[in-house]
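Shown next, in structure tokens, is the structure this report addresses.
The values are calculated or read from the model by the stated rules, or taken from the named source; none is laboratory data. On a predicted model such as this, the values are computed, not experimentally measured, just so you know. All Cβ positions, even for glycine, are placed from backbone atoms using ideal geometry, and neighbour counts span all protein chains on display. Note: areas computed on protein heavy atoms with side chains; ligands, DNA, RNA excluded. Shrake-Rupley method; radii C 1.70, N 1.55, O 1.52, S 1.80 Å.
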Amino acid sequence: LRKFGRGATIAGGITVSLGMVLIGALLILAMPRFSREAAAKIRQKPAASAGLGCVMLVGVPFSIIVLLITVIGIPLAVLLALGYVALMLLGYLVAAIFVGDTVLEKVSIAKMDSAWWRVLFMFLALVAIAIVKAVPFIGGVIVLLLFIAGIGAFTMRSWAGFRRDAAEATAA
């Protein structure tokens with residue numbers, strides 16, 4: 001039974017990792033500009049990205065609890081909880097894309113225009129992040145900071161997109 005549990009854990013880890021790679025690849029291939037700009041926010045505004053990431057990491061669960069307390073807000077709380085899970089996943093992927101894009105830019109600036117090269121380097125970044133996470137204490141701190149900055153960068157880029165779309169709609 002113990003061997004089965006360990007095997008299931010490994011299989012689950014592989015499945016989640018492949019899922020992350022697939023979702024990250026879809027993010028880069030389907031929205032190349034968005035993924036590039038979101039990842040660039042970490043480089044352009046690291047403190048703002050990390051600060052907003054902290055606010056989102058703590059503020060959204062607090063908002064969910066407040067909505068749950070007001071019985072009428074339960075449906076919205078459920079939707080917000082689903083969005084929060086998506087935000088956590090996408091924040092982690094934006095952090096990996098940031099690491100991958102940073103390394104790819106150092107290797108070959110010309111390859112930054114290729115979505116497939118960006119996907120490959122995002123995959124390598126996910127592997128590197130997993131290795132760094134295994135380093136006692138400091139690895140966890142580094143990955144946590146990357147994760148928080150990724151959440152903030154994704155939120156900042158998403159918000160900029162909403163504001164841009166609203167401005168274009170108003171102008172039309």
Checked Ile10, Ile64, Ile97 against criteria (among the aliphatic types (A, V, I, L, M) and modelled with pLDDT under 95); the one match is Ile10
Residue check: is Leu93 touching a residue at least 40 places away in the same chain (Cβ under 8 Å) and more than 17 Å from Arg36 (Cβ to Cβ)?
no
Within region 121-131, does at least one residue satisfy the condition of being open to solvent by 80 Å² or more (accessible area, probe 1.4 Å) and more than 19 Å from Leu26 (Cα to Cα)?
yes
Counting only residues that are open to solvent by less than 90 Å² (accessible area, probe 1.4 Å) and either in a helix (DSSP H, G or I) or of a type in the set (Asp, Glu) (or both), how many does region 56-87 have?
21
Selection within region 105-120 - open to solvent by less than 40 Å² (accessible area, probe 1.4 Å) and under 19 Å from Ile23 (Cβ atoms):
Ala115, Arg118, Val119
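Restricting to region 55-100, what's the tally of residues that are among the small types (Gly, Ala, Ser) and under 15 Å from the mean Cα position of the chain (by Cα)?
Matching residues across region 55-100 total 6.
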All conditions in (1) of a type in the set (Lys, Arg); (2) without any contact (Cβ under 8 Å) to a residue 60 or more places away in the chain; (3) closer than 22 Å to Lys41 by Cβ are true of Lys133 except (3)
Subset of region 13-46 that is surrounded by 14 or more Cβ atoms within 10 Å (Cβ to Cβ) and of a type in the set (Lys, Arg) - its residue that is farthest from Leu144 (Cα to Cα)
Arg36
